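Some notes on the structure that comes next.
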Amino acid sequence: MKTLNMIIVLFIVCCFSAVSLSFLYVKTQPRIQLNKVQKEVKLKKQIIPHMENFVVKSLEKLNIEECFDEKNTLIGILVKNSCKGYGGPIEYLVGIKPEVPLKIIGIKVLSHKETPGLGANVAKDKFLSQFIDKVPQELVLKKDNVQGKIDAITGATITSKAITNSLQELLLDEELNKYILSLSKVQQEHYSLQIKPQRMQSNTKKSSFSAVLEQLTTTYLQQEIQPQQ
Amino acid sequence: MRKIFEIILRGILKENPVLIMMIGLCPFLACSTTANDAVGMGLAATFVLTCSNILISLIRRIIPHNIRIPIFIVVIATFTTIVDYTIKAYFPTLSESLGVFIPLIVVNCIILARAEAFASKNNIFYSFVDGISMGGGFFLAIVILGIIRELLGSGTIFGSKELFSYPAVIMVLPPGGFLAAGVVITITKYIENKLIKKTKIISNLPSSCEGCSLKSTCMEFLKNK
Amino acid sequence: MNNISLLGIFISSIFVNNIILMKFLGLCSFFGVSNKLSSALGMSAAVFFVMNLAAVVSWFLYYFVLLPLNLEFLKIIVFILIISSLVQLVELFMKKFLPGLFKALGIYLPLITTNCAILAVAFLVVDYQYSLLQTIVFSSGTAIGYTLAIILFSSIRERIELAPLPNAAKGYGIVFVTSALMSLSFMGLIGLFGF
């Protein structure tokens with residue numbers, strides 16, 4: 001009788017906790033997913049400020065996003081890439097000018113596992129802004145090469161070197177260079193008419209960025225909620 | 001009324017879980033690199049502690065004595081998961097910086113110790129006050145350490161502008177955490193010695209057992225041996 | 001799955017990301033049992049054993065039960081319950097079949113349930129998306145790192161006992177400052193073999 005009592009009480013407590021947690025999970029999960037999407041959209045906007053809409057293209061090795069402003073002219077290419085840092089992979093998002101030689105418009109770090117206080121400074125704009133508007137040959141650490149124009153993060157040479165090398169490699173990437181060269185040969189207007197980028201916004205009154213965000217949110221929520229119903 | 005006052009005083013000063021009892025050290029050191037993280041961790045742990053105290057006190061009469069520890073663990077783990085998902089959903093940046101330490105609240109000895117030593121023996125109201133005051137003691141300690149480390153290590157307070165250039169980066173790194181904690185603990189002990197005339201001599205091993213919920217188990221084991 | 005080399009995981013979990021001195025996990029037991037070399041040895045042997053077992057069991061549980069059933073939100077409850085019942089089981093098993101070993105390690109086993117290093121390894125293995133082989137290498141590396149730190153520290157601490165100190169710094173104050181110096185020396189290993 002005593003054992004049975006014990007089993008029953010433990011079982012009831014576990015049931016209660018499982019039920020309340022699954023309720024919580026269903027409530028919070030869409031928001032957690034949404035946070036991820038929102039964060040990325042916000043970062044994209046920070047990298048290429050005048051971006052209004054974009055088209056996803058996949059090359060052989062890379063996935064890129066072509067970004068257009070409100071007049072439908074191509075203003076930048078977004079590339080998501082990662083490199084092996086000191087503590088683990090560093091994922092970053094970089095905006096590149098659509099002309100040869102390739103130059104960087106803006107760069108943000110999406111995720112990293114570097115040491116807080118040292119390598120973690122890799123995500124700070126103070127370090128990342130150094131990469132903007134440099135030709136690939138200049139993307140070397142100052143202490144490694146006379147041509148280099150990048151100051152390493154104090155105490156985190158491995159991290160700084162990893163991201164600098166990875167960016168240089170990306171800008172010198174043959175496939176990407178060929179693709180962007182082909183873009184600049186084609187007449188810009190002609191090109192944009194041909195492709196017709198997906199216009200995401202429908203409501204003209206709202207600022208279009210928030211409209212994009214809202215659209216993303218609703219589609220995401222629908223996707224998330226539907227399978228559960 | 002007097003008992004309430006006593007409970008509050010005990011949680012925050014006399015038996016401060018971190019600075020005097022030396023339990024819950026992992027989050028104390030790991031989540032105090034910035035004052036904001038420290039506040040987040042302090043609040044999260046206080047929430048779990050208070051809620052589990054209330055619930056355990058509520059069901060203390062129906063819990064069979066032999067399986068009380070597993071039930072405490074289930075209750076604490078439930079509240080920890082609630083905090084984990086809520087922070088993930090509403091404070092994504094905080095969840096990134098605290099990382100694995102939010103789920104680890106579940107093994108924070110403070111919470112299990114209070115459940116065993118206090119909540120399972122007292123009524124709901126006293127348990128609630130005890131949760132708040134013990135949590136408050138933890139909160140106070142971790143925020144003090146967080147402010148010190150952030151100020152010295154990054155030259156900011158609560159993520160403000162840099163107050164001075166060239167901060168001592170070592171303070172936000174692991175060695176700085178140990179160093180700052182050592183200094184804070186020494187100062188606390190100095191004040192304690194001054195305030196309370198009779199100096200308690202804390203021997204090395206048993207003081208970490210004092211608040212530990214498994215102390216009775218260990219004692220039993222030693223006796224049988 | 002993650003494609004970090006096994007040697008990399010092993011070395012970084014012992015030295016560079018030492019679980020006690022660099023990640024602040026398992027501190028309660030670190031300060032609690034490091035005052036004598038013999039108890040430090042007993043504790044670290046028990047940790048080595050349980051940590052490997054717990055990491056592997058929770059890996060299987062996560063990938064073969066929780067993920068397929070879409071129940072990953074029960075991760076915290078399931079892991080802590082499994083680890084604590086595992087410890088009980090090991091204790092019973094040892095008492096019956098390995099009484100010699102039980103006499104040496106017995107006292108440390110119940111303490112391990114609330115050792116956050118064990119639970120943290122279970123969470124980290126899932127977080128880092130390690131494969132089974134990587135999990136084993138990571139958990140044994142972490143346990144060796146734990147052993148290394150705790151044994152070195154207990155030797156230092158036996159000397160500290162003899163040092164003349166101001167009253168307030170006695171006990172935990174000086175112990176923390178000493179571990180700061182140890183942690184500093186482990187930080188010097190950053191970049192070891194390029195990890």
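The values are calculated or read from the model by the stated rules, or taken from the named source; none is laboratory data. All values reported here derive from a predicted model rather than from experimental measurement. FYI the Cβ positions are ideal-geometry reconstructions off the backbone, even for glycines, and counts take in every protein chain you see. Calculation scope for accessible area: heavy atoms of the full protein, side chains included, ligands and nucleic acids excluded. Shrake-Rupley method; radii C 1.70, N 1.55, O 1.52, S 1.80 Å.
A few comments on the model shown:
- Residue among B:Leu163, B:Met1, B:Ser127 farthest towards the positive dipole end of chain B, charges placed on Cβ: B:Met1
- Shielding by partners, peptide C:69-76 (average Cβ within 10 angstrom, other chains): 6
- Mean projection of the Cα convex hull over all viewing directions, computed for chain B: 14.5 nm².
- Size of charge dipole - the protein assembly as shown - debye, nearest 20, with Cβ of Lys, Arg +1 and Asp, Glu -1, no other charges: 1780 debye
- When its C-alpha radius of gyration is set against 2.2 N^0.38 Å (N residues), segment A:49-156 gives a value of 1.16.
- Counting Cβ atoms of other protein chains within 10 Å of each Cβ in C:5-11 and taking the mean gives 0.
- Heavy-atom accessible surface of segment A:115-167, averaged per residue, reaches 48 Å², computed with a 1.4 Å probe.
- For A:Lys134, residues with placed amide H under 5 Å, excluding near neighbours: A:Ile104
- Cα-centre dipole for segment A:46-140 with unit charges at Cβ (Lys and Arg positive, Asp and Glu negative), debye to 20: 340 debye
- Rounded accessible area per residue of chain C, 1.4 Å, Å²: 41 Å²
- Within the accessible area of segment A:36-150 (1.4 Å probe), percent carbon and sulfur: 50 percent
- Tensor-based shape of segment C:1-100 (alpha-carbon gyration tensor, a/c under 1.5 rounded, otherwise prolate or oblate): oblate
- Looking at segment B:1-109, the trypsin sites (Lys or Arg not before Pro) that sit in a DSSP loop and have at most 11 other Cβ atoms within 10 Å of their own Cβ are B:Arg61.
- Nonpolar atom fraction for chain C, defined as the carbon and sulfur part of the 1.4 Å probe accessible area, stands at 71 percent.
- Here segment B:59-152 has 69 percent of its accessible surface on carbon and sulfur atoms, given a 1.4 Å probe and all protein chains in place.
- Per-residue ³J(HN,Hα) for segment C:138-155, Karplus 6.51 cos²θ - 1.76 cosθ + 1.60, θ = phi - 60°, Hz, x for Gly and Pro: 5, 5, 6, x, 4, 5, 5, x, 4, 4, 4, 4, 6, 6, 4, 5, 5, 5
- When +1 charges are put on Lys and Arg Cβ atoms and -1 charges on Asp and Glu Cβ atoms, the dipole computed for chain C relative to its Cα centre reaches about 380 debye.
- Heavy atoms of the protein chains alone define the surface here; on that basis chain B has 45 Å² accessible area per residue at 1.4 Å probe size.
- Averaged over B:71-79, number of beta-carbon atoms from partner chains that fall within 10 Å: 6
- Each chain gives up part of its surface: C and B jointly bury about 4100 Å² of accessible area, both sides summed, for a 1.4 Å probe.
- Loss of accessible area when A meets B, both sides summed, Å² nearest 100, probe 1.4 Å: 1700 Å²
- Chain C: C-alpha gyration tensor shape, a/c 1.5 cut-off, then a/b vs b/c: oblate
- Segment B:76-135 and segment C:113-128: distance between their alpha carbon centers, rounded to Å: 18 Å
- In this simple spin-label model, placing a label point 7 Å from the Cα along the Cα-to-Cβ direction at both C:Ile82 and A:Lys80 gives a separation of 3.0 nm.
- Contact order normalised by residue count of chain B, Cα under 8 Å, 6+ apart, percent: 33 percent
- The HN-Hα couplings worked out from phi for segment C:73-83 by the Karplus form 6.51 cos²θ - 1.76 cosθ + 1.60 (θ = phi - 60°) are 6, 8, 3, 4, 4, 5, 4, 5, 5, 4, 5 Hz, whole numbers, x standing for Gly and Pro.
- Given 15 as the ceiling on other Cβ atoms within 10 Å, longest exposed-site-free region of chain B for chymotrypsin sites (Phe, Trp or Tyr not before Pro) in DSSP loops: B:1-157
- For segment A:45-136, trypsin sites (Lys or Arg not before Pro) are listed when DSSP marks them as loop and at most 11 other Cβ atoms sit within 10 Å of their Cβ; the list is A:Lys61, A:Lys71, A:Lys124.
- Cα pair distances of the protein assembly as shown binned at 10 Å [whole percent]: 3, 14, 23, 25, 18, 10, 5, 2, 0
- Interface residues in segment C:103-120 - accessible area drops by 30 Å² or more relative to the isolated chain, probe 1.4 Å: C:Lys103, C:Ile107, C:Pro110, C:Leu111, C:Thr114, C:Cys116, C:Leu119
- The order of the peptides B:141-154, C:149-162 by mean Cβ neighbours within 10 Å, most packed first, is B:141-154, C:149-162.
- Residues in segment C:54-81 that a label on A:Ala18 would reach, taking backbone N under 16 Å of a point 7 Å out along Cα→Cβ: C:62, C:65-81
- Alpha carbon centroid spacing (whole Å) that separates segment C:1-80 from segment B:164-189: 27 Å
- Per-residue HN-Hα couplings for segment A:165-171 [Karplus 6.51, -1.76, 1.60; θ = phi - 60°; Hz; x = Gly/Pro]: 4, 5, 5, 4, 4, 5, 5
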